[in-house]
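What follows is one structure encoded as structure tokens, with my remarks underneath.
The values are calculated or read from the model by the stated rules, or taken from the named source; none is laboratory data. For clarity, every value in this text was computed on a predicted model and none was experimentally measured. In this analysis, Cβ positions are derived from the backbone assuming ideal geometry, glycine residues included, and neighbour counts consider all displayed protein chains. The area values use the complete protein model at the heavy-atom level, side chains included, leaving out ligands, DNA and RNA. Shrake-Rupley method; radii C 1.70, N 1.55, O 1.52, S 1.80 Å.
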Amino acid sequence: MPAKEALSCQDLGYTYPDGTVALRKVDFSIQTGDSVALVGPNGAGKSTFALLTVGVIFPSRGSLRVFGMELSRHTLREIRRHVGLVFQDAEDQLFMPTLLEDVSFGPLNQGLSEDQARQRGLESLAAVGLEELAERFPGHLSGGEKKLASLASILSMQPQIIILDEPTAGLDPRARRKVIEQLAALRLTKIVISHDLEMVLDLCPRTILLDKGSVWADGDTTEILSDKETMDSHGLEVPYSLSPDHRHRFPLAGSRHEAEHKK
Ligand code: ADP
């Protein structure tokens, strides 16, 4: 059976009220179950795209569709049932006195009863391994816990598509690994915005390279990220595990995971 289209952009453009053109003419389509990275230098338009997917802002031109439904003020409520955006800054997502209240907030807003919302909240905390912190004050969690908690606050609304803006930014290696493992285990359509290209290699078979509001490459992650000329010309670097240096050190390694075991 052919995969169903989850999200697509047709001729999508966005200009901020001050005249800054953030997205010019973006076209791509993402199928259900895909895990796609959106990479590009600062100012490329990645966060603007993320804000469009949940209707914080609306297209200035073209359209954005979720399961075939065009984003507009009329469809916003329905679209937000399908799409969840995990902001880069967890503080934007966590604002209640306890973690459980934070992760129950979305389901309550969707119209669930208090008991149902609490149940959903507890399930989403369990899904990211934070159930024991349910009664804690979110402001006092560690950076990694906050990232997972903000992920849980979106999962509790049971979106089918999840957009993650820099999920590993600012984390130490252990917390970063934990977040990557949790994301890998999620059976959802994922769009991951990140400068952490090693994570992108781990999580996303497909990459879309955005720069100056346009798509410059869209395809196989390893192919795009190992293309030095393309990466250099868009202010990015080939990740170490794909660099000639690394390949020289581990010539027989079939994958970077094998290479790590041989160290
Ligand atoms: P990225 O997330 O890839 O760093 P952004 O989507 O944040 O890029 O920004 C794309 C462009 O839009 C940049 O030129 C940025 O300066 C501009 N921009 C972002 N937010 C605003 C805003 N609120 N008002 C005006 N311009 C903005």
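Using the rule -39500 (n - 2.57) for each DSSP H run of four or more residues, divided by the residues of the chain, the 222 nm mean residue ellipticity is -10500 deg cm²/dmol. Across the accessible surface of the chain, with the other protein chains kept in place and a 1.4 Å probe, carbon and sulfur atoms take up 51 percent.
Going highest first, how would you order 90-103, 167-180 by mean Cβ packing within 10 Å? Show your work: numbers first, answer last.
Working: 90-103: 19.1, 167-180: 16.9.
Highest mean packing first, the order is 90-103, 167-180.
Once the Cβ-Cβ distance of Glu91 and Arg177 is raised to the sixth power relative to R0 = 22 Å, the FRET efficiency obtained is 0.45. At a probe radius of 1.4 angstrom, the accessible area of the range 112-263 per residue rounds to 51 square angstrom.
Three semi-axes describe the equivalent ellipsoid of the range 174-231; taken as square roots of 5 times the Cα gyration tensor eigenvalues and ordered largest first, they are 22, 12, 10 Å.
Explain nothing, just the number: relative contact order of the range 60-121, from Cα pairs under 8 Å at least 6 residues apart, as a whole percent. Don't jump to the answer; show the numbers that get you there.
Numbers: 34 pairs, mean separation 11.5, N = 62.
With pairs under 8 Å counted, the relative contact order is 19 percent.
Please report the net charge: other residues with Cβ closer than 10 Å to the Cβ of Gly40, K and R +1, D and E -1.
Numbers: positive: Lys46, Lys212; negative: Asp211.
Charge balance in the 10 Å sphere: +1.
The phi torsions of the range 213-224, fed into the Karplus equation with coefficients 6.51, -1.76 and 1.60 and a -60° offset, translate into couplings of x, 10, 8, 9, 7, 8, x, 4, 4, 4, 5, 5 Hz, rounded to whole numbers, with Gly and Pro shown as x. Taking H placed 1.01 Å from N in the peptide plane, check which residues at least 5 places from Ala217 or on another chain put their amide H under 5 Å from its amide H. Residues meeting the criterion, in which the H sits 1.01 Å from N, are Leu209.
Distance from the C-alpha centroid of the range 1-50 to that of the range 125-180: 24 Å, rounded to the whole angstrom. Ranked by the mean number of other Cβ atoms within 10 Å of their residues, highest first, the peptides 14-23, 148-157, 115-124 come out as 148-157, 115-124, 14-23.
Pull out a ≥ b ≥ c, the square roots of the eigenvalues of the alpha-carbon gyration tensor of the chain, then state rounded if a/c is under 1.5, prolate if not and a/b is larger than b/c, and oblate in the remaining case. Show your work: numbers first, answer last.
Details: a/c = 1.87, a/b = 1.18, b/c = 1.59.
Cα axes put the chain in the oblate bin.
Based on protein heavy atoms only, the range 1-93 ends up with 48 Å² per residue of surface accessible to a 1.4 Å probe.
Only bridges whose two residues both fall in the chain count here: according to DSSP, what percent of them are antiparallel, nearest 5? Bridges in the chain that DSSP calls antiparallel: roughly 55 percent.
Computed from the Cα positions only, the extents of the range 102-245 along the three principal axes stand at 54, 29, 24 Å, in decreasing order.
Tally Lys and Arg at +1 and Asp and Glu at -1 over the other residues with C-beta under 13 Å from the C-beta of Ser8: what net charge comes out? Numbers along the way, then the final one.
Numbers: positive: Lys4, Arg65; negative: Glu5, Asp11, Asp27, Asp34, Glu70, Asp218.
That sum, taken over residues with Cβ under 13 Å, equals -4.
Translational diffusion of the range 1-74, estimated by Stokes-Einstein from the Kirkwood radius over alpha carbon pairs at 4 °C in a medium of 1.567 mPa s, is 101 µm² per second.
Which shape class applies to the range 36-103: rounded if a/c is under 1.5, otherwise prolate when a/b exceeds b/c and oblate if not, where a ≥ b ≥ c are the square roots of the Cα gyration tensor eigenvalues?
On the way: a/c = 2.35, a/b = 1.30, b/c = 1.80.
Taking the square roots of the gyration eigenvalues as a ≥ b ≥ c, the range 36-103 is oblate.
Peptides 181-188, 51-58 ranked from most to least packed by the mean count of surrounding Cβ atoms within 10 Å: 51-58, 181-188.
For the chain, the number of Lys pairs with C-alpha atoms closer than 21 Å, counting only pairs eight or more positions apart or on separate chains, is 12. Applying the Karplus relation 6.51 cos²θ - 1.76 cosθ + 1.60 with θ = phi - 60° to the range 3-15 yields 3J(HN,Hα) values of 5, 8, 6, 8, 9, 8, 10, 10, 6, 6, x, 9, 10 Hz, where x marks Gly and Pro.
Taking the charge dipole of the chain about its Cα centre, with +1 at Lys and Arg Cβ atoms and -1 at Asp and Glu Cβ atoms, the residue from Pro59, Leu197, Tyr16 reaching farthest to the positive side is Pro59.
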